[in-house]
Amino acid sequence: MASMRDLKGRIGSVASSEKITGAMKMISSAKMHKAESALRRVRPFRDQIQNTIDHLISADAEYSSPLTEIRPVKRRAIVLLSSDEGLCGAFNMNLFKRTLEIINQARMAETENPVMFVVYPIGKKASKFAQKLVGDNVDVTADEMTAKSSAEDIARFTGELTREFIAGKVDCVEVVYTHYKSASKQILATRQLLPIAADDLATGEKVERNKPYLFEPDVNTIYNEVLPLYVLSSMQEAICSNRVSEQAARVMAMQSANDNAKELLDELQLEYNKLRQQSITSELLDIIGGKVD
């Protein structure tokens, strides 16, 4: 049984931990609101790009782009998003499990020609995890991108992925991230970035076909100028959504740690009070009985 001195030390330690987790929760909450504002600023850009594509599709004209070319998948790129820091519960682990599921499912479905995976980790945790995946059919491409990279870095990275797809170095690009629904609900998601699926382009609101539109220089040229922006907006939305989800997961983890600290503190305080009462009772019995050592 622990002594009163040991319990007093543990009570002080747990009380300090409670203050730390409470402060970390407040900091993560502020970061979550900031990241959520950034996500809201990205969505109008994506909506406007989608609106432009809707008008182009509604026009009676032919258009084509190398970004929509569907070809046999020999090299499959996976952009794995994660965090730079820990203390966010199972946030990173769930992303890693989803990546392993994608790779294992492809391995089970392989016939004569195995698919080569190219993993692009974004975030320090993803970089450490990706190094363990390197094998016969998995390659890892390191990049300067982190979980806190700026919009310029995101645009550069997305442009490199687009050029590699057009050059035929990869045949498919997917993004594994956590989609932010609310502060209490985040969903694992896998988004196909390239090639751009026709169903994704047709998800916008229907436009009225009886309105005349003049396109300058022509529909196909504008189409090929807009699609790279569509890819960029999809990547920006995925990264921003993952950032908000990370902070939301950290808020929940710190809240759980704070609650556990309070519960443990109550238990330790109760045990300390019992030992203290037992010591007082023993001393009173000695006094009443007139015991002399």
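The values are calculated or read from the model by the stated rules, or taken from the named source; none is laboratory data. These numbers come from a predicted model, not from an experiment. All Cβ positions, glycine included, derive from the backbone under ideal geometry; neighbour counts span all protein chains shown.
Residues in the range 133-152 that are charged (D, E, K, R) and out of contact with any Pro (no Cβ under 9 Å at 6 or more places or on another chain): ASP139, GLU144, LYS148, GLU152. Exactly one residue out of LYS181, LYS148, LYS169 is under 28 Å from VAL251 (Cβ atoms), part of a loop (DSSP other than H, G, I, E, B) and of a type outside the set (S, T, N, Q), and it is LYS148.
Quick test for you: out of SER58, SER16, SER29, pick the one residue that is touching a helix residue (DSSP H, G or I) at 6+ places or on another chain (Cβ under 8 Å) and among the polar types (S, T, N, Q).
Just one listed residue meets the conditions, SER29.
Can you confirm whether the range 32-40 contains a residue that is closer than 30 Å to SER256 by Cα and touching a Ser or Thr at 6+ places or on another chain (Cβ under 8 Å)? Yes, the conditions are met somewhere in the range 32-40. Taking the condition hydrophobic (A, V, I, L, M, F, W, C) and out of contact with any Asp or Glu (no Cβ under 6 Å at 6 or more places or on another chain), does VAL244 pass? No; evaluated as a whole, the condition is false for this residue.
Among the conditions (1) at pLDDT 90 or above; (2) surrounded by fewer than 15 Cβ atoms within 10 Å (Cβ to Cβ), SER184 misses just one, which is (1).
Taking (1) farther than 27 Å from SER29 by Cα; (2) outside any helix (DSSP H, G or I) in turn, ALA130 satisfies each apart from (2).
Filtered by the rule that a residue be at pLDDT 80 or above and either over 17 Å from GLN236 (Cβ atoms) or not small (Gly, Ala, Ser) (or both), the range 187-207 gives ILE187, LEU188, THR190, ARG191, GLN192, LEU193, LEU194, PRO195, ILE196, ALA197.
Filtered by the rule that a residue be closer than 30 Å to ILE49 by Cα and touching a strand residue (DSSP E or B) at 6+ places or on another chain (Cβ under 8 Å), the range 234-293 gives SER234, MET235, ALA238, ILE239, SER241, ASN242, VAL244, SER245, GLU246, ALA248.
Of the residues examined, ILE154 is not one that is assigned to a loop (DSSP other than H, G, I, E, B) and either aliphatic (A, V, I, L, M) or within 15 Å of PRO228 (Cα to Cα) (or both).
Residues are listed down the side, and each one gets a yes or a no for (1) part of a loop (DSSP other than H, G, I, E, B); (2) loosely packed, with under 14 Cβ neighbours inside 10 Å; (3) on the phi < 0 side of the Ramachandran plot; (4) more than 24 Å from the chain's Cα centre (by Cα):
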residue	(1), (2), (3), (4)
ARG46	no, no, yes, no
GLN50	no, no, yes, no
TYR63	yes, no, yes, yes
PRO72	yes, yes, yes, yes
ARG76	no, no, yes, no
GLY89	yes, no, no, no
ASN92	no, no, yes, no
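Pairs are defined by a Cβ separation below 6 Å, a sequence spacing of at least 6 or placement on different chains, a first member in the range 273-291 that is at pLDDT 85 or above, and a second member that is surrounded by 11 or more Cβ atoms within 10 Å (Cβ to Cβ); the pairs so defined are LEU275/MET4. Considering each residue of the range 55-62 in turn, none proves to be under 27 Å from ARG243 (Cβ atoms) and touching a residue at least 24 places away in the same chain (Cβ under 8 Å).
Criterion first (surrounded by 13 or more Cβ atoms within 10 Å (Cβ to Cβ), of a type outside the set (D, E, K, R) and in contact with a Leu (Cβ under 7 Å, 6 or more places away or on another chain)) does MET32 satisfy it? Judged against the criteria, MET32 is not a match.
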